[in-house]
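The values are calculated or read from the model by the stated rules, or taken from the named source; none is laboratory data. Since this is a predicted model, take the numbers as computed values, not measurements. Glycine also receives a Cβ, built like all others from the backbone with ideal geometry; neighbour counts cover every protein chain displayed.
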Amino acid sequence: MNLLRSGSTLLLLFFCACTDSAAPPPAVVPDQPAAAEALPAGRRVDQRCAVLLLPDSVRIEAERQRLGEGVFAAAADDYQFYLSEAETFLDRMKLPVLSVEGRAHVYFLHQGKTVQHLRTDSIKQPWAIYYFQPGKLPLQIDMTQYAEAYRTYFEK
């Protein structure tokens, strides 16, 4: 029995040692109370809106290298199409749209000065859309489902 337990312990230690402990932190950091004026530099969002996250030239080049020119070009074209469609829809809904480009910190300010912190450099996709309404957590939406996500997030 001790041999089995020792073997299990060794296997667990091996697994832990081989796992990448430098995993990126989550994109959205849990709520933490902070006064807006005490926040470090970044984009502060305190109104009902959509936030468009756009890549900078460094991120675009990194994605091009990672995916290859052909795949990247097709993906970028798809992202641009859905962003354009979403912006047209959001304009019809009269929802303000904020654009944030490149590596940035976005602070979603809630009632009572509670903050939700978004690190744009830890988001998997180069382009993203978040919906936000004070009193709710920000929601990263599927770019192809912007209308359905709007109804679910803002109208319920």
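For residue 109, the criteria (1) aliphatic (A, V, I, L, M); (2) more than 16 Å from residue 53 (Cβ to Cβ); (3) free of Cβ contacts under 8 Å to residues at least 60 places away in the same chain hold in every case but one, which is (3). Within region 89-100, the set of residues being at pLDDT below 95 and loosely packed, with under 14 Cβ neighbours inside 10 Å comprises 99 only. Considering 152, 144, 88, 120, the condition of being among the β-branched types (Val, Ile, Thr) and under 12 Å from the mean Cα position of the chain (by Cα) is satisfied by 120 alone. Considering 58, 100, 71, 51, the condition of being in contact (Cβ under 8 Å) with a residue 60 or more places away in the chain, out of contact with any Cys (no Cβ under 7 Å at 6 or more places or on another chain) and either on the phi > 0 side of the Ramachandran plot or of a type outside the set (D, E, K, R) (or both) is satisfied by 51 alone.
As a summary of the residue check, residue 141 satisfies the conditions (1) touching a residue at least 40 places away in the same chain (Cβ under 8 Å); (2) in contact with a strand residue (DSSP E or B) (Cβ under 7 Å, 6 or more places away or on another chain) except for the one numbered (1). The residue list 109, 67 contains one member that is of a type outside the set (D, E, K, R) and within 19 Å of the chain's Cα centre (by Cα), which is 109.
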